[in-house]
Structures are given as structure tokens and as C-alpha cells.
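The next block holds one structure in the form of C-alpha cells; read it before the comments.
The values are calculated or read from the model by the stated rules, or taken from the named source; none is laboratory data. Because the structure is a prediction, the values reported are computed rather than measured. All Cβ positions, even for glycine, are placed from backbone atoms using ideal geometry, and neighbour counts span all protein chains on display.
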């Protein structure tokens, strides 16, 4: 496809009612390409649809129902979709599962390597792979008793984390055996315990754009402060050789494809990987603000088949804040 500014590209964004999808739309509006934004979400009662040029509400059926695939096939045909950008983790899982279907209807999806999506979904298995490849792993265990946990990980406080999931959801701090007994009984699904590494002021989120072969564009590094929901609340562009070397090693090992987010805590001269998000993350619009537009890169690479140019990253600090969004009644009685 010609990438001239006057050639309009139709890009579909999922999850436009949530922070990641809305960040993707903001980045699309700042891209050098002329873009028509088609939004999709299960909820049409949010500001998200107003940010789009066209909006479609997902059907109420389950993702595994044949009607759901029919819904996607119709949208791709009717709206003439050129490219799909998943804005929700559940949508990444859906597109990952149905790669052959979307290839058949001839629409590219910005999606990472299947192997990395599977690996990054389980923190325990991810830590095991790091250990087997000689990379730093946060000391972890799945103990039967509190005394076993303390013997393996050292004195409290310790962290209980769900093995499956991302951000800070489900993570609790355990100070004693009573906490251990209570939360182990209350936590649903598989869990693990970890030693707390580093401090809150030494937490980093790193964005890269990978080419699926262990090579990527240069990363952008944020030192960050989190919200209570686990999203980036404050981000400062930094340079840090320890984090940069860890990023390079992880990229060579995992060979990510497209937008990928590493989250670290640093302790001394060691960068510990907290998790990998093999997709657009909640800080994608913050990266765009500093010159690292992963959405524009995705159009270049996944749609046009071009290697994106190396971005020029600006220095600074960004904050997230709440803002009112008001829609007046368009159809008064």
C-alpha cells in the first residue's frame, strides 16, 4: 500500500472503552499516516466510541461462538479494514487463537509471536525460562507452608502473585503466617510467592518494537510510578545501562514481534524482569508523546512491509490525570 499522507488507511482498534485502546487511538491521531479509526468494544456507554470515526458494538455472544467470527468477518468486509490493533489482552488471546481465520479473510493483525504470548501468560514458567538461560530471576517458590516460604525466600514481607495475569491485579503483601493462610485460601487459581526486589522508585517500563528475530528498534525506558490499578501514573524518560543490557538480552532470547513491553525492578546492578506484555501496553500513548509511536511503527511494518525509522526520543516526565468528558443529549425530548 502507498504510504502517502493523502492515502487513507482504515485501522480497527479493539477495547476502545479502556485505557490501552484509547491510548492507541491517540497515537493513531499523531501518526504521519492519514487514518480512519474504527472502534470496537462490548460497551458503547463510554467516551471511547466518541474518539472513533466509526464504532461497532461487539455482540453479546461468547468469543468461541460461531456468530462472533461472523461478526468479525462482516466488519472487515463492510468497513474495508486494512489493519487490526488489539487493545485488550483478551482480544490478543482471541486473535492468537484464530490466526488462520484472519489470514483467510486477508486482514493483518498486529500480534506478537505465538510462543511469546503463551510463555508470558505464566509468571512461573517465565521465571523458569529466565533461570535456564542464565538471566536474573526473582527468587520465587510455591510453598506448602509459611516456614518453607521463609526458608526459601528469606524474611517477610513477601509477595503473593497470581501466576496468570498482569499489572498489580491480585498481588498482595504477606507479613506473617496469618496473611499466608488467609490469602492462600482466598486466592483463586494458581499462585506463587516472591521476594520483594528493589524499591518503588526503581521500577521501570521499557517499550521495544521487535522484528521476530532477536533484533528490535532501540528501546524507550521509563522510570515509573504506578496507580493503584497497576497502570503507569508517572513516567520519566531515562537512560540506564543496566536496564538497557537486560532489555537487549531478553530481546535476543524471546525474539518479540511488534510492540512489546518489559517491566523491571532494579536492585543494585541487577535488573529483575517482573513481566512481559507482548502487546500494546497502557503506557503506549505516553511513549508516543516522547516520540516513540508504536502504532505508527505497526502500520509501517505489519501493513506496508517497511522497517520503521529509528525514533528520536525526547526527554521529559509525563503524568496521567483525570479529566471530565461530557456528551450533551443530542436528541432532547
### Query
Which residue out of 16, 11 is buried (at least 23 other Cβ atoms within 10 Å of the Cβ), touching a strand residue (DSSP E or B) at 6+ places or on another chain (Cβ under 6 Å) and assigned to a loop (DSSP other than H, G, I, E, B)?
16
### Message
Test of understanding: among 116, 159, which residue is under 27 Å from residue 253 (Cβ atoms), touching a strand residue (DSSP E or B) at 6+ places or on another chain (Cβ under 8 Å), touching a residue at least 40 places away in the same chain (Cβ under 8 Å) and not assigned by TED's automatic domain parsing to the domain that holds residue 242?
### Response
116
### Message
One residue is enough: does segment 239-248 have a residue meeting the conditions buried (at least 23 other Cβ atoms within 10 Å of the Cβ), under 15 Å from the mean Cα position of the chain (by Cα) and free of Cβ contacts under 8 Å to residues at least 60 places away in the same chain?
### Response
no
### Query
Of all residues in segment 144-155, how many are in contact with a helix residue (DSSP H, G or I) (Cβ under 9 Å, 6 or more places away or on another chain) and either at pLDDT below 95 or in a loop (DSSP other than H, G, I, E, B) (or both)?
1
### Task
Would you please name the residue that is farthest from the chain's Cα centre (by Cα), looking only at residues in segment 89-143 that are in a strand (DSSP E or B) and surrounded by fewer than 18 Cβ atoms within 10 Å (Cβ to Cβ)?
141
## Note on the structure
residue 214 passes all but one of the listed conditions (1) out of contact with any helix residue (DSSP H, G or I) (no Cβ under 9 Å at 6 or more places or on another chain); (2) surrounded by fewer than 19 Cβ atoms within 10 Å (Cβ to Cβ); (3) not assigned by TED's automatic domain parsing to the domain that holds residue 148; the exception is number (1)
### Message
Need the failing condition index for residue 172 against (1) in contact with a helix residue (DSSP H, G or I) (Cβ under 8 Å, 6 or more places away or on another chain); (2) more than 24 Å from residue 270 (Cβ to Cβ); (3) surrounded by fewer than 16 Cβ atoms within 10 Å (Cβ to Cβ); (4) outside the structural domain of residue 299 (by TED's automatic domain parsing), just the number.
### Response
(3)
### Query
What number goes with the only condition from (1) in a helix (DSSP H, G or I); (2) touching a strand residue (DSSP E or B) at 6+ places or on another chain (Cβ under 8 Å); (3) closer than 19 Å to residue 287 by Cα that residue 248 does not pass?
(2)
### Task
Evaluate segment 202-216: report whether one residue or more is in a loop (DSSP other than H, G, I, E, B) and within 29 Å of residue 142 (Cβ to Cβ).
no
### Message
Take the residues in segment 47-64 that are closer than 14 Å to residue 23 by Cβ and in a loop (DSSP other than H, G, I, E, B); name whichever of them is modelled with the lowest pLDDT.
### Response
47
### Task
Find the residue count for segment 19-52, including only residues that are loosely packed, with under 14 Cβ neighbours inside 10 Å, over 19 Å from residue 107 (Cα atoms) and free of Cβ contacts under 8 Å to residues at least 40 places away in the same chain.
4
